[in-house]
1. Can you tell me which of (1) in a loop (DSSP other than H, G, I, E, B); (2) of a type in the set (D, E, K, R); (3) on the phi < 0 side of the Ramachandran plot is the one Lys21 doesn't meet?
2. Test Ser106 against the criterion of being touching a residue at least 40 places away in the same chain (Cβ under 8 Å) and among the polar types (S, T, N, Q), and give yes or no.
3. Could you tell me which residue of the stretch 15-42 is least open to solvent (accessible area, probe 1.4 Å), considering only residues that are among the β-branched types (Val, Ile, Thr) and touching a strand residue (DSSP E or B) at 6+ places or on another chain (Cβ under 7 Å)?
4. Which residue is least open to solvent (accessible area, probe 1.4 Å), if the candidates are limited to the stretch 100-132 and must be over 26 Å from Lys50 (Cβ atoms) and among the charged types (D, E, K, R)?
5. Looking at (1) under 20 Å from the mean Cα position of the chain (by Cα); (2) at pLDDT 90 or above; (3) of a type in the set (A, V, I, L, M), which one does Ala29 not meet, given that it meets all the others?
6. Can you tell me which of Val45, Val97 is surrounded by 15 or more Cβ atoms within 10 Å (Cβ to Cβ) and touching a Cys at 6+ places or on another chain (Cβ under 7 Å)?
7. Given the condition modelled with pLDDT under 90, open to solvent by 80 Å² or more (accessible area, probe 1.4 Å), more than 15 Å from Tyr122 (Cα to Cα) and not in a loop (DSSP other than H, G, I, E, B), answer yes or no: does some residue in the stretch 73-91 qualify?
8. Condition first: open to solvent by less than 60 Å² (accessible area, probe 1.4 Å), outside any strand (DSSP E or B) and free of Cβ contacts under 8 Å to residues at least 60 places away in the same chain. Can you find one or more residues in the stretch 51-66 that meet it?
Amino acid sequence: EDEGVEIKLYQVIYDAINDIKAALEGMLAPEIEEQSIGSASIRQVFKIKKIGTIAGCQVDRGVLQSGCKVRLYRNDVLLAEDSLSSLKHYADDVKEVRAGSECGLSLANFSDIKEGDVIEAYVTREVAKKLK
């Protein structure tokens, strides 16, 4: 009790093994897994004072979600990894834009966007590691 050790009693040894295994898995750091959710090609770029650079895009596949992480490619070369700071469909702020639609977007920390660039959107999630 002074050392804070937890004492448990078990009737079946398999319950003890499963409990120890679950405790050890809980101590493992989770793996970060990326999932691509969509891509868009930049059709036109607008520079607006006090706002920054806005990219007019056509969503080619999947979906773009507000606040998701993105990679910006120019001529198949990765230029930047950033997150979306705004996503608009016409004048409305939207949470997502699906394939076949047009949208306007701006990146949080990168503004050197040009026509013909490709944006790939992805989300990350934590996956708990398992013992074998």
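The values are calculated or read from the model by the stated rules, or taken from the named source; none is laboratory data. Owing to the predicted nature of the structure, the values given are computational and were not obtained by experimental measurement. Note that each Cβ is placed from the backbone with ideal geometry, even for glycine, and that neighbours are counted across all protein chains shown. These area figures cover heavy atoms from the full protein model, side chains too; ligands, DNA and RNA do not enter into them. Shrake-Rupley method; radii C 1.70, N 1.55, O 1.52, S 1.80 Å.
1. (1)
2. Working: touching a residue at least 40 places away in the same chain (Cβ under 8 Å): yes; among the polar types (S, T, N, Q): yes.
Here the answer is yes, as Ser106 does meet what is asked.
3. Within the stretch 15-42, the subset among the β-branched types (Val, Ile, Thr) is 17, 20, 32, 37, 42.
Next, from what is left, pick out any that are touching a strand residue (DSSP E or B) at 6+ places or on another chain (Cβ under 7 Å): 32, 37, 42.
Values: Ile32: 111, Ile37: 30, Ile42: 6 Å².
Among those that are among the β-branched types (Val, Ile, Thr) and touching a strand residue (DSSP E or B) at 6+ places or on another chain (Cβ under 7 Å), it is Ile42.
4. For the stretch 100-132, the residue satisfying everything is Glu120.
5. (2)
6. The match here is Val97.
7. no
8. Just the residues of the stretch 51-66 that are open to solvent by less than 60 Å² (accessible area, probe 1.4 Å), to begin with: 52-59, 62-64.
Applying the additional criterion that residues be outside any strand (DSSP E or B) yields none.
No, that holds for no residue.
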